[in-house]
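Okay, structure first, notes after.
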Amino acid sequence: MNKIVSHHSFHRAVVAASIFAAAAVMSTPVAALADSPATLVNQVAPEYPSSGRGAGWVQLEFTIGVDGKVHDVSVVQAEPMKMFEASAVKAVSRWTFQPATRDGAPIESHKQIKISFKPE
């Protein structure tokens, strides 16, 4: 006896099979190809400027290249303005990172950081 399958039932079965297949692929372990964020390797401390007065902070954003070097450092915000920015940018520009990876290959990434200043 032949069973007649409605179009609606067939569609649900195909969707369920597709979801099952996708879940099986996504659950396959790929530990060697895991994505990882950039990791700081060498940090240069910013110098407190001779013209500095009191405490403050600078928030920077920058790019970490596939070579682990910092590029395109820019000031997002600072308090007080025009006092600590140059020292913060100079220091962060000299930092080095283990670059971020995707599928096991180094990739460019972006980061933001807030650097605090206080007199000694």
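Every number here is computed from the coordinates shown, using simple stated rules; none is lab data. None of these values were measured; they are calculated from a predicted model. Here Cβ is always computed from backbone atoms with ideal geometry, including for glycine, and neighbour counts include all displayed protein chains.
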Net length gained if the chain between residue 82 and residue 61 were fully extended (0.36 nm per residue, minus Cα distance): 5.9 nm
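First select every other residue whose beta carbon is under 13 angstrom from the beta carbon of residue 71; then total the charges, Lys and Arg +1, Asp and Glu -1.
Values: positive: 69, 94, 111; negative: 61, 67, 72, 108.
Result for the local shell: -1.
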Counted neighbours (other Cβ, 10 Å), sorted fewest up, put 57, 95 in the order 57, 95
Residue-by-residue Karplus 3J(HN,Hα) for segment 86-101, coefficients 6.51, -1.76, 1.60, Hz, glycine and proline x: 4, 5, 5, 4, 4, 5, 5, 4, 9, 6, 10, 10, 7, x, 5, 10
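At a Förster radius of 25 Å, what calculated FRET efficiency corresponds to the Cβ-Cβ distance of residue 114 and residue 36, to the nearest 0.05? Mind showing how you got there, number by number?
Working: r = 23 Å, r/R0 = 0.91.
Approximately 0.65, to the nearest 0.05.
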Residue span residue 50 to residue 74: 0.36 nm per residue of separation minus Cα-Cα distance leaves a gain in nm of 6.5 nm
